[in-house]
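This report concerns only the one structure given below.
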Ligand code: GLC
């Protein structure tokens with residue numbers, strides 16, 4: 001290819017750098033997700049804690065990320081790994097104290113790292129004081145009106161109020177009378193039902209109640225006053241339900257959000273025509289007013305504080321409504337995470353993501369792994385890529401580990417080369433695979449129990465991190481205790497084995513993050529490189545700070561080697577490239593390179 005044909009034609013531009021550039025830190029930030037249970041344990045009880053995180057923050061500074069997002073560490077019975085909050089203003093004793101949270105924030109600030117915390121507004125724990133009061137106060141009380149209590153259907157109210165399913169499996173309603181703690185308890189056994197889109201220990205709040213709205217604005221202020229830089233908002237699309245809670249027999253999967261038009265999957269009867277097409281429990285227009293009010297709360301505080309939506313909403317144009325200028329600042333890009341490992345699929349997701357976000361002036365985000373999905377180093381090694389199953393067990397088809405890691409490194413380098421903001425899940429910088437052979441008796445995810453084991457659940461991506469190959473629990477805890485067992489092979493993947501080792505996944509991430517910053521990729525413009533814009537196997541993006549074209553990000557998803565266009569020099573590669581006889585560079589399959597001229 002000649003120099004002239006490599007020049008970018010404007011028609012191929014898919015994203016133009018914003019004129020304000022990088023003045024708002026979050027527009028180009030790389031944000032690292034810490035799952036506190038599994039990051040680092042300082043006291044040896046086998047459960048990670050805040051002091052453990054603080055002691056290991058140097059790792060994040062050396063990695064070169066801009067911020068960390070902490071999954072919940074609030075007081076919680078841990079029925080759903082802390083996404084069941086009993087007190088939004090307290091640290092769970094398993095994780096430490098409010099003083100430990102302050103110390104973490106202070107150390108992060110010293111290291112130049114921003115901190116985002118998790119906010120869980122759709123539901124509380126059933127151990128929250130409000131829910132205890134609701135049970136005690138009985139039908140029609142002000143206490144019950146903070147939640148969604150309803151009478152059952154049928155003569156004796158023995159049928160749930162509607163047919164909604166829990167995202168975790170089973171019905172989305174539990175009858176007060178059926179609760180195991182009912183007999184002899186202090187609360188009213190009046191046979192009402194309460195809604196829980198997730199586990200029965202996670203009752204949904206009623207966001208029509210002004211008291212609920214006031215409470216959460218106060219919780220925001222509590223953490224903003226302590227100095228957090230923002231909030232990741234859990235199930236942001238779920239707070240408002242359609243009036244009347246109409247029947248809807250579709251099924252919503254975690255992260256993917258696909259609304260199965262049949263109840264219960266293949267072979268089940270089609271959804272009745274009388275039911276609404278769109279899920280009445282998700283993405284209702286009323287949620288946006290809530291985020292506008294939160295935006296105003298954040299704006300009262302100095303500095304750039306952010307709201308990040310976890311919303312399984314399709315199509316991407318509807319997701320972009322959450323990040324309009326007066327609402328949230330970012331939304332996770334789950335279509336990118338669940339994309340098949342195929343060039344046309346990824347190309348379509350990348351283009352539509354920029355298109356939708358650019359229309360509302362929000363940065364596009366990128367994410368490949370989190371605490372709810374099979375880690376991408378394993379997901380991409382399955383026969384069928386895409387979202388993958390909800391967990392993998394020993395009896396399930398096992399991923400091809402080598403293929404998965406190779407593709408994961410390529411996918412990560414693609415992600416980190418794309419302008420916008422990227423999310424890195426703890427351990428992906430080590431190339432950690434999913435734990436795919438966890439014994440069932442070690443499992444803790446409620447999805448495993450609510451589906452009677454049909455879904456293995458999310459424990460396999462939540463296994464505590466390996467820090468030191470030769471230490472107990474690979475350095476996760478001083479005693480060797482670990483709330484989930486770590487695979488023996490993880491010794492090879494420990495941070496101390498990879499640090500300073502050329503070609504290790506850790507060094508790949510460190511170099512990528514340094515170059516991303518130096519080359520200004522996060523705020524750059526993007527265009528498809530001419531000649532590859534329709535390729536079935538190669539994604540080639542011209543990215544640049546001053547305009548597209550400074551850096552070539554090329555991912556070969558095919559089987560055959562691809563020649564790097566002439567004039568480009570590789571600066572980073574996710575796998576070994578080959579120099580051909582004519583001096584050209586050949587990029588093998590499942591490999592991403594970054595090149596400059
Ligand atoms: C979000 C969290 C997930 C949790 C669910 C219910 O999807 O990421 O871990 O189980 O909300 O709170």
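The values are calculated or read from the model by the stated rules, or taken from the named source; none is laboratory data. Quick caveat: nothing in here was measured; it's all calculated off a predicted structure. So basically every Cβ, Gly included, is an ideal-geometry build from the backbone, and we count neighbours across all protein chains shown.
If I filter segment 117-138 for residues that are modelled with pLDDT of 95 or more and at positive phi, do I get at least one hit? No, the conditions are met nowhere in segment 117-138. Applying the criterion of being under 21 Å from residue 216 (Cα atoms) and more than 16 Å from the ligand (Cβ to nearest atom) to the residues of segment 326-343, the residue that is surrounded by the most Cβ atoms within 10 Å (Cβ to Cβ) is 329.
Of all residues in segment 61-77, which are assigned to a loop (DSSP other than H, G, I, E, B) and out of contact with any helix residue (DSSP H, G or I) (no Cβ under 8 Å at 6 or more places or on another chain)? Talk me through it step by step, then tell me what you get.
So the first thing to find is which residues in segment 61-77 are assigned to a loop (DSSP other than H, G, I, E, B), and the list is 64-66, 71-73, 76-77.
76, 77, listed by residue number.
The condition of being in contact (Cβ under 8 Å) with a residue 40 or more places away in the chain, surrounded by 16 or more Cβ atoms within 10 Å (Cβ to Cβ), under 30 Å from residue 90 (Cβ atoms) and away from the ligand (no atom under 16 Å from the Cβ) holds for residue 223. What's the number of the only condition in (1) in contact with a helix residue (DSSP H, G or I) (Cβ under 9 Å, 6 or more places away or on another chain); (2) buried (at least 20 other Cβ atoms within 10 Å of the Cβ) that residue 208 fails to meet? Unmet condition: (2).
Here the condition is being in contact with a strand residue (DSSP E or B) (Cβ under 8 Å, 6 or more places away or on another chain), touching a residue at least 40 places away in the same chain (Cβ under 8 Å) and within 23 Å of residue 344 (Cβ to Cβ); of 595, 540, 536, it holds for 595 alone.
Given the structure, is residue 276 away from the ligand (no atom under 16 Å from the Cβ), over 23 Å from residue 114 (Cα atoms), surrounded by fewer than 17 Cβ atoms within 10 Å (Cβ to Cβ) and not assigned by TED's automatic domain parsing to the domain that holds residue 162? Yes; evaluated as a whole, the condition is true for this residue.
Within segment 553-573, the set of residues being without any contact (Cβ under 8 Å) to a residue 60 or more places away in the chain, part of a loop (DSSP other than H, G, I, E, B) and within 15 Å of residue 533 (Cα to Cα) comprises just one member, 564. Taking each residue of segment 117-135 that is away from the ligand (no atom under 15 Å from the Cβ) and looking for partners that are in a helix (DSSP H, G or I) with beta-carbon atoms closer than 6 Å, six or more apart or interchain, yields 130/146; 134/144. Every condition in (1) more than 20 Å from residue 462 (Cβ to Cβ); (2) surrounded by fewer than 22 Cβ atoms within 10 Å (Cβ to Cβ); (3) touching a helix residue (DSSP H, G or I) at 6+ places or on another chain (Cβ under 7 Å) holds for residue 25 except the one numbered (3). Would segment 390-411 turn up any residue that is within 16 Å of the ligand (Cβ to nearest atom), at positive phi and either more than 14 Å from the chain's Cα centre (by Cα) or without any contact (Cβ under 8 Å) to a residue 40 or more places away in the chain (or both)? Checking segment 390-411: at least one residue is within 16 Å of the ligand (Cβ to nearest atom), at positive phi and either more than 14 Å from the chain's Cα centre (by Cα) or without any contact (Cβ under 8 Å) to a residue 40 or more places away in the chain (or both). Looking at segment 59-100, which of its residues are away from the ligand (no atom under 16 Å from the Cβ), farther than 21 Å from residue 475 by Cα, in contact (Cβ under 8 Å) with a residue 60 or more places away in the chain and under 22 Å from the mean Cα position of the chain (by Cα)? Once the filter is applied, which keeps residues that are away from the ligand (no atom under 16 Å from the Cβ), farther than 21 Å from residue 475 by Cα, in contact (Cβ under 8 Å) with a residue 60 or more places away in the chain and under 22 Å from the mean Cα position of the chain (by Cα), segment 59-100 yields 64, 65, 67.
Residues of segment 438-460 being outside any loop (DSSP other than H, G, I, E, B), under 14 Å from residue 166 (Cα atoms) and touching a residue at least 40 places away in the same chain (Cβ under 8 Å), which ones? It would help to see each step written out before you state the result.
Filtering segment 438-460 down to residues outside any loop (DSSP other than H, G, I, E, B) leaves 440-442, 446-450, 459-460.
Okay, now just the ones that are also under 14 Å from residue 166 (Cα atoms), so 446-450.
446, 447, 448, 450 - these are the residues of segment 438-460 that are outside any loop (DSSP other than H, G, I, E, B), under 14 Å from residue 166 (Cα atoms) and touching a residue at least 40 places away in the same chain (Cβ under 8 Å).
One residue is enough: does segment 401-419 have a residue meeting the conditions more than 27 Å from residue 308 (Cβ to Cβ), surrounded by fewer than 21 Cβ atoms within 10 Å (Cβ to Cβ), in the same structural domain as residue 353 (by TED's automatic domain parsing) and touching a helix residue (DSSP H, G or I) at 6+ places or on another chain (Cβ under 9 Å)? Checked against the condition, which is being more than 27 Å from residue 308 (Cβ to Cβ), surrounded by fewer than 21 Cβ atoms within 10 Å (Cβ to Cβ), in the same structural domain as residue 353 (by TED's automatic domain parsing) and touching a helix residue (DSSP H, G or I) at 6+ places or on another chain (Cβ under 9 Å), segment 401-419 yields at least one hit.
Could you tell me whether residue 502 is assigned to a loop (DSSP other than H, G, I, E, B) and out of contact with any helix residue (DSSP H, G or I) (no Cβ under 8 Å at 6 or more places or on another chain)?
Numbers: assigned to a loop (DSSP other than H, G, I, E, B): yes; out of contact with any helix residue (DSSP H, G or I) (no Cβ under 8 Å at 6 or more places or on another chain): yes.
Yes; evaluated as a whole, the condition is true for this residue.
Note on segment 373-387: residues that are part of a loop (DSSP other than H, G, I, E, B) and either away from the ligand (no atom under 16 Å from the Cβ) or crowded, with 22+ Cβ neighbours inside 10 Å (or both) total 10.
Among 215, 143, which is the only one that is more than 15 Å from the ligand (Cβ to nearest atom), surrounded by 15 or more Cβ atoms within 10 Å (Cβ to Cβ) and in the same structural domain as residue 295 (by TED's automatic domain parsing)?
Numbers: 143 fails: in the same structural domain as residue 295 (by TED's automatic domain parsing).
The unique qualifying residue is 215.
For residue 440, the criteria (1) more than 16 Å from the ligand (Cβ to nearest atom); (2) touching a helix residue (DSSP H, G or I) at 6+ places or on another chain (Cβ under 7 Å) hold in every case but one, which is (2).
Please list, ordered by residue number, the helices (runs of 4 or more DSSP H) wholly in segment 272-357 having 3 or more residues that are in contact (Cβ under 8 Å) with a residue 40 or more places away in the chain, in contact with a helix residue (DSSP H, G or I) (Cβ under 6 Å, 6 or more places away or on another chain) and closer than 23 Å to residue 379 by Cα. Talk me through it step by step, then tell me what you get.
Numbers: elements: 287-299, 316-320, 334-337.
Passing ranges: none, list empty.
Does residue 491 count as in contact with a helix residue (DSSP H, G or I) (Cβ under 9 Å, 6 or more places away or on another chain) and surrounded by fewer than 18 Cβ atoms within 10 Å (Cβ to Cβ)? Can you show your working first?
On the way: in contact with a helix residue (DSSP H, G or I) (Cβ under 9 Å, 6 or more places away or on another chain): yes; surrounded by fewer than 18 Cβ atoms within 10 Å (Cβ to Cβ): yes.
Here the answer is yes, as residue 491 does meet what is asked.
Do you know which residues across segment 160-174 are away from the ligand (no atom under 14 Å from the Cβ) and either assigned to a strand (DSSP E or B) or modelled with pLDDT of 95 or more (or both)?
Step one: of segment 160-174, the residues away from the ligand (no atom under 14 Å from the Cβ) are 160-165, 170-171, 173-174.
Of everything in segment 160-174, those that are away from the ligand (no atom under 14 Å from the Cβ) and either assigned to a strand (DSSP E or B) or modelled with pLDDT of 95 or more (or both) turn out to be 160, 161, 162, 163, 164, 165, 171, 173, 174.
Just one of the listed residues (41, 58) is assigned to a helix (DSSP H, G or I), in the same structural domain as residue 222 (by TED's automatic domain parsing) and within 21 Å of residue 429 (Cα to Cα), and it is 58.
So, residue 157, is that one assigned to a loop (DSSP other than H, G, I, E, B), in contact (Cβ under 8 Å) with a residue 24 or more places away in the chain, at positive phi and touching a helix residue (DSSP H, G or I) at 6+ places or on another chain (Cβ under 8 Å) or not? Step through it out loud before you land on a result.
Values: assigned to a loop (DSSP other than H, G, I, E, B): yes; in contact (Cβ under 8 Å) with a residue 24 or more places away in the chain: yes; at positive phi: yes; touching a helix residue (DSSP H, G or I) at 6+ places or on another chain (Cβ under 8 Å): no.
No; evaluated as a whole, the condition is false for this residue.
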